Amino acid sequence: MSDVLRNIVRLAAFILIQVYVLNKVPHLHRFITPYIYFLFIIWLPFSVTRIGLLFVGFFTGLILDYFMMTPGLHAAACVLIAFVRPFIIGILTPKDSSEFNYREPSPRAMQWTPYAVYVLVLTLLHHGYMLFLEFLDAGTFLDFIIRVITTTGISLLLIFTVELVFPRQLKFRTNTA
Amino acid sequence: MRNIFLFIRRYAAFITFFFLQVLSLWFLFSYNRFHRAKFLGIANELTGRVNTQFNKVEDFFYLREENRRLNRVNDSLMNLQPVNFLSRDTTSQLSHDSLPYDTVGHYRRFVMRPGTVVYNTVNAQKNYIQINRGSNQGIRDKMGVVSSDGKVVGVVVNVSPNFAEAMSLLHIQNTISASLKKSGEFGTIEWDGKNPGYVILKKIPKSVDVKVGDSVITSTVSFTFPPGFLVGTIAEVKSDQSSGMYLLRVKTAINFNNIQQVHIIENLERDEQMKLMDETRKKIEEAKKPGQ
C-alpha cells in the first residue's frame, strides 16, 4: 500500500473511531474526554514537508470539527502540533541520517523514551491549546488545569495501548522506493 | 523586492502556520457568537450522510426504549378519544367537531414535523443534535424540538438543505423559558455544563412554594414551544444568595443518551410576534428622544 493511500485510510479510521466511539461512550467523568484522532498527525511520515504538515493538520482538525459542531477548535490545536512536530523530531532523533532510515515516527524508529517524550509533548500541546480555547469561552481556571491533566493522561494511556497492541510493520526508507 | 521574496521563502512555514491559526480562530469565534459555521451547508450535508449510515446501526440499541415512549403517547391519545366518554344526560349527545379550523375562532398556531436524530452527544459542554430534516423540508432556525413522547429536547440553531443542527438542553448557551406546573411561575432553563442528567431553573422568586418533585413545563410565553410540554422535575431546591431567587436543579424528563425520533415544532406566528416586538422597541426608543 502506498504511503498516501495508507494515511488516508488511517485518517478515516481515526476520525470514525473518535466520532462514533470515543465521543459517544459515557465518560468516566465530565473532565475526562478520551482523544486519539491526533495520533494520525503523530504518525505522519518524516518525509512530509513542513507546510504540507500544517495543511494536513488543519484539515484533520476541521473534519472532526464539522462532526462535533465546533468549527476551528480542533483545527487550531492540530495546526499547532503540526507546526511544532518537526522541531521536536529534530531534537529527539539522531543527527546522523545514515543510521536513521525509518519512514515514520514509532517506538522502534525513535526508541521508547524519545518517542514517549515526543508523544507527551504533542499531546500536552494539543489538549492544552484546545482546552484553553474552550476555557476562554466558558469555564473556570481550576477546571481547565484539571482537564488538561486528566485528558492528557487518558490520551497517553490510549496511545500507548494502541502502540503495544498494534505494532506497525517496520518500514525502511530505501533508495529504490 | 528581492528581500521580501527571500523573507517569505525563509519563513514560509511560519507564515502558513500563522495564517491557518488565524483562520481556525476566526471560524471558532465567529461560530460561537452567531451559530453560523463557515461552509456549514456543505459540511453538514456530508457529516449528515455519514451520520445517517451509522445511525441505522445505532438505532437498534434504542428500539425498546423508543417503542415504550411511542406506546405511552399512543395510550394517552387513545384515552382522549370521544368514544371513551359517555354522557349521563340522555338528552345531550357528545359530538366531536371534525372541523377545528373554522371561522369561529380556532386557528393553528403550531405545526409539528417528524424527524430522526442522526447524531447526538452528551459529553461536551456544547451538545448538538443533528436531525435528518432541513430547509428543504421546511425546517428553519429557532424551531423547537421535542421527543416522540413530548419531552423538551432543544432548539434548532442551524439548517442545511437536508439536515438541521439543534442545540440540546445540554448546551451552556441554551436558555429556554419554562414555568412551574403547579403555580405557573415563569423562569429560565439553563445548563451549567456539569451533569447531563440535570439542568437548572433560574429566576423563580422565593415567594413561590416549591417542592422536590414538582413538574417544570414549557411556559405560555415561549415563542418556540407550545405551553405544557414537560421539561423535567425538580430534584433539588437551593437559593441563589446574590439575587434572592431560587436556583432549582431540574432532572430532565428525557434521557439524552437515547433520543431517536423527534418532532420539530414551528410557531406559525413567530414572524409576526418578533416583528411586533421589534417595532415596539423602536417606538419606545423614538419616544424617549428629546424634543418630541
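On a full-extension model of 0.36 nm per residue, what is the gain between B:Tyr11 and B:Met245, subtracting their alpha-carbon distance, rounded to one decimal in nm? Intermediate values should be presented prior to the final figure.
On the way: separation 234, 0.36 × 234 = 84.24 nm, distance 5.73 nm.
Full extension from B:Tyr11 to B:Met245 adds 78.5 nm.
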What is the distance in Å between the Cα centroid of the stretch B:153-208 and that of the stretch A:111-140?
33
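Of all the accessible heavy-atom surface of the protein assembly as shown, with the other protein chains kept in place and a 1.4 Å probe, what percent is carbon and sulfur? Write out the running numbers ahead of the final one.
Working: 15870 of 25560 Å².
Answer for the protein assembly as shown is 62 percent, counting heavy atoms of protein chains only.
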Mean Cβ count within 10 Å, highest first, over the residues of peptides B:76-85, B:7-16, A:50-59:
A:50-59, B:7-16, B:76-85
What spacing in nm lies between the two simple spin-label points modelled at B:Thr233 and B:Asn136, each 7 Å away from Cα in the Cβ direction?
4.3
With angles folded into 0 to 90 degrees, how steeply does helix B:12-34 sit against the dominant principal axis of chain B? Use alpha carbons for both and round to 10.
20
For the stretch B:133-292, what is the relative contact order in percent, using Cα pairs closer than 8 Å and at least 6 residues apart in sequence?
21
Out-of-range pairs (alpha-carbon distance over 20 Å; input B:Lys142/B:Lys182; B:Lys211/B:Lys238; B:Lys151/B:Lys251):
B:Lys142/B:Lys182
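Going by the alpha-carbon gyration tensor, a ≥ b ≥ c the square roots of its eigenvalues, is chain B rounded (a/c under 1.5) or, if a/c is not under 1.5, prolate (a/b greater than b/c) versus oblate? Intermediate results must be reported in sequence, preceding the final value.
Details: a/c = 1.83, a/b = 1.56, b/c = 1.17.
It is prolate, given that a/c is not under 1.5 and a/b is the larger ratio.
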At R0 = 35 Å the Cβ-Cβ FRET efficiency linking A:Leu156 and B:Asp192, nearest 0.05, sits at 0.75
When chain B is treated as a GNM, springs tying every alpha-carbon pair under 10 Å, which of B:Asn67, B:Asn127, B:Asn51 comes out with the largest mean-square fluctuation?
B:Asn67
Anisotropy class of the protein assembly as shown from Cα gyration tensor, a/c 1.5 cut:
prolate
Can you tell which of B:Ile265, B:Ile129, B:Ile204 shows the greatest fluctuation in a Gaussian network model of chain B with Cα springs below 10 Å?
B:Ile204
Which ³J(HN,Hα) values in Hz, rounded to whole numbers, follow from the phi angles of the stretch B:65-74 under the Karplus curve 6.51 cos²θ - 1.76 cosθ + 1.60, where θ = phi - 60° and Gly and Pro get x?
4, 5, 4, 4, 4, 4, 4, 5, 5, 4
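Report, as an integer, the average count of C-beta atoms from other chains found within 10 Å of each Cβ along B:119-127.
On the way: counts 7, 1, 6, 5, 10, 8, 7, 7, 2.
Across the residues of B:119-127, the mean count of other-chain Cβ atoms within 10 Å is 6.
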B:Lys182 accessible area, 1.4 Å probe, all protein chains in place, Å² to nearest 10
120
The simple spin-label model distance between B:Ser183 and B:Ile42, using points 7 Å out along Cα→Cβ, in nm, is 5.4
Taking the highest mean first, how do the peptides A:156-164, A:135-143 order by number of other beta carbon atoms within 10 angstrom per residue?
A:156-164, A:135-143
In Å², nearest 10: area of A:Leu125 left accessible to a 1.4 Å probe
60
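Starting from the residue with the highest accessible area, list B:Glu236, B:Glu272 in decreasing order, probe 1.4 Å.
Details: B:Glu236 70, B:Glu272 135 Å².
Accessible-area ranking of B:Glu236, B:Glu272, largest first: B:Glu272, B:Glu236.
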Here the residues of the stretch A:10-32 whose accessible area is at least 50 Å² smaller with all protein chains than in the chain alone (probe 1.4 Å) are A:Tyr20, A:Lys24, A:Arg30
Would you mind calculating the relative contact order of chain A from Cα pairs under 8 angstrom and at least 6 residues apart, reporting the percent as a whole number?
25
Any lysines with Cα under 18 Å of the B:Lys56 Cα? List them, leaving off those in the same chain fewer than 8 positions away.
A:Lys24
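Would you list A:Tyr66, B:Tyr107 from the most to the least accessible area, probe 1.4 Å? Write out the running numbers ahead of the final one.
Working: A:Tyr66 25, B:Tyr107 145 Å².
Final ranking, largest accessible area leading: B:Tyr107, A:Tyr66.
At 1.4 Å probe radius, can you tell me the per residue accessible area of the stretch A:3-165 in Å²? Numbers along the way, then the final one.
Numbers: 6790 Å² over 163 residues.
Per-residue value: 42 Å².
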Choice from A:Met130, A:Met68, A:Met110 with maximal GNM fluctuation in chain A (Cα, 10 Å cutoff)
A:Met68
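Rounded to the nearest 20 Debye, what is the dipole magnitude of the stretch A:1-144 about its Cα centre when Lys and Arg each give +1 and Asp and Glu each give -1 at the C-beta?
280
Report the FRET efficiency, 1/(1 + (r/R0)^6), for B:Arg68 and A:Arg10, where r is their Cβ-Cβ distance and R0 is 41 Å, rounded to 0.05. Kindly include the intermediate steps, with their values, before the conclusion.
Details: r = 41 Å, r/R0 = 1.00.
For B:Arg68 and A:Arg10, the calculated efficiency is 0.50.
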Computed from the beta carbon distance with a Förster radius of 22 Å, FRET efficiency for A:Val25 and B:Asn255 to the nearest 0.05 stands at 0.90
Exposure of B:His263 as accessible area (Å², to 10), given a probe of 1.4 Å and all protein chains
60
Between the stretch B:252-287 and the stretch A:1-66, what is the C-alpha centre distance in whole Å?
38
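Report relative contact order for chain B in percent, whole number only (criteria: Cα-Cα under 8 Å, sequence separation at least 6).
Values: 503 pairs, mean separation 47.7, N = 292.
Relative contact order here is 16 percent.
The values are calculated or read from the model by the stated rules, or taken from the named source; none is laboratory data. From a predicted model like this one, the values you see are computed outputs, not experimental measurements. Cβ: placed from backbone, ideal geometry, glycine included. Neighbour counts: every protein chain shown. SASA here: full protein model, heavy atoms, side chains in, ligands and nucleic acids out. Shrake-Rupley method; radii C 1.70, N 1.55, O 1.52, S 1.80 Å.
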